């Protein structure tokens, strides 16, 4: 497997590719169901959002095996951490170990850039995702608590260990990304209400998008 890194000119095709996976993932979670997931899609993975993320240093890449695109990943270096914001494997390729292979490549991206740990945020109700990350060595390090109420689980893994994936190369990136509007946060996490957001782990710039498999 390899990661095919994308650029801003690919934003429209990335957004089109991920649309159905994203909506299917969030329709059971967001307030308002599928229609509202459709309504807020562009705020999260529309072309404009993708270009903004890339301009601020986060990569988007397709995991590819034998010429076949298997899904989408996105991450970026934030201080000494690698923050992983998106992990999607297409439904027809799930259960084949591709998600683990893709994640190991992403973790090696962080190792190559001297990141000390990888951090991600996951919806506390997503037990399958939490189990998947735990199998890769991630452990819960706390929660991202919001001023209005509600939270997501923070999970991290130490990257200061030998790589489990070899013989690959990556493009370099810089810095971090920003929060989406609070109204979008309230939609993605229905227990939230009100405008305020609080970061409870000061060493990283948290992105509220949970990662999913």
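The values are calculated or read from the model by the stated rules, or taken from the named source; none is laboratory data. These numbers come from a predicted model, not from an experiment. Here the Cβ is made from the backbone with ideal geometry for all residues, glycine too, and neighbour counts use every protein chain on show.
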Within region 112-122, can you find the residues that are over 14 Å from the mean Cα position of the chain (by Cα) and surrounded by 18 or more Cβ atoms within 10 Å (Cβ to Cβ)?
-> 115, 117
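Yes or no, residue by residue, for (1) in a helix (DSSP H, G or I); (2) more than 17 Å from the chain's Cα centre (by Cα):
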{"position": "12", "(1), (2)": "yes, yes"}
{"position": "17", "(1), (2)": "yes, no"}
{"position": "24", "(1), (2)": "yes, no"}
{"position": "29", "(1), (2)": "no, no"}
{"position": "36", "(1), (2)": "yes, yes"}
{"position": "40", "(1), (2)": "yes, no"}
{"position": "43", "(1), (2)": "yes, no"}
Of the residues in region 45-69, those that are surrounded by 15 or more Cβ atoms within 10 Å (Cβ to Cβ) and in a strand (DSSP E or B) come to 59, 60, 61, 62, 63, 64
Restricting region 70-96 to residues that are under 17 Å from residue 128 (Cβ atoms), touching a residue at least 60 places away in the same chain (Cβ under 8 Å) and surrounded by fewer than 22 Cβ atoms within 10 Å (Cβ to Cβ), the residue that is nearest to the chain's Cα centre (by Cα) = 90
The correct count of residues that are under 19 Å from residue 16 (Cα atoms) and assigned to a strand (DSSP E or B) in region 76-115 is 5
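Yes/no per residue for (1) closer than 28 Å to residue 11 by Cβ; (2) in contact with a strand residue (DSSP E or B) (Cβ under 7 Å, 6 or more places away or on another chain):
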residue: 88; (1), (2): yes, yes
residue: 103; (1), (2): yes, yes
residue: 114; (1), (2): no, no
residue: 129; (1), (2): yes, yes
residue: 141; (1), (2): no, yes
residue: 151; (1), (2): no, yes
Quick one: residue 39 ticks every box in (1) under 27 Å from residue 108 (Cα atoms); (2) at pLDDT below 95; (3) out of contact with any helix residue (DSSP H, G or I) (no Cβ under 6 Å at 6 or more places or on another chain) bar one, so which box is it?
-> (1)
When you look at residue 103, is it closer than 17 Å to residue 5 by Cα and without any contact (Cβ under 8 Å) to a residue 40 or more places away in the chain, yes or no?
-> yes
With the checklist (1) more than 16 Å from residue 156 (Cβ to Cβ); (2) assigned to a helix (DSSP H, G or I); (3) more than 14 Å from the chain's Cα centre (by Cα) in hand, flag the one item residue 125 doesn't pass.
-> (2)
Which condition breaks for residue 152 when tested against (1) under 22 Å from residue 61 (Cα atoms); (2) assigned to a strand (DSSP E or B); (3) at pLDDT below 95?
-> (1)
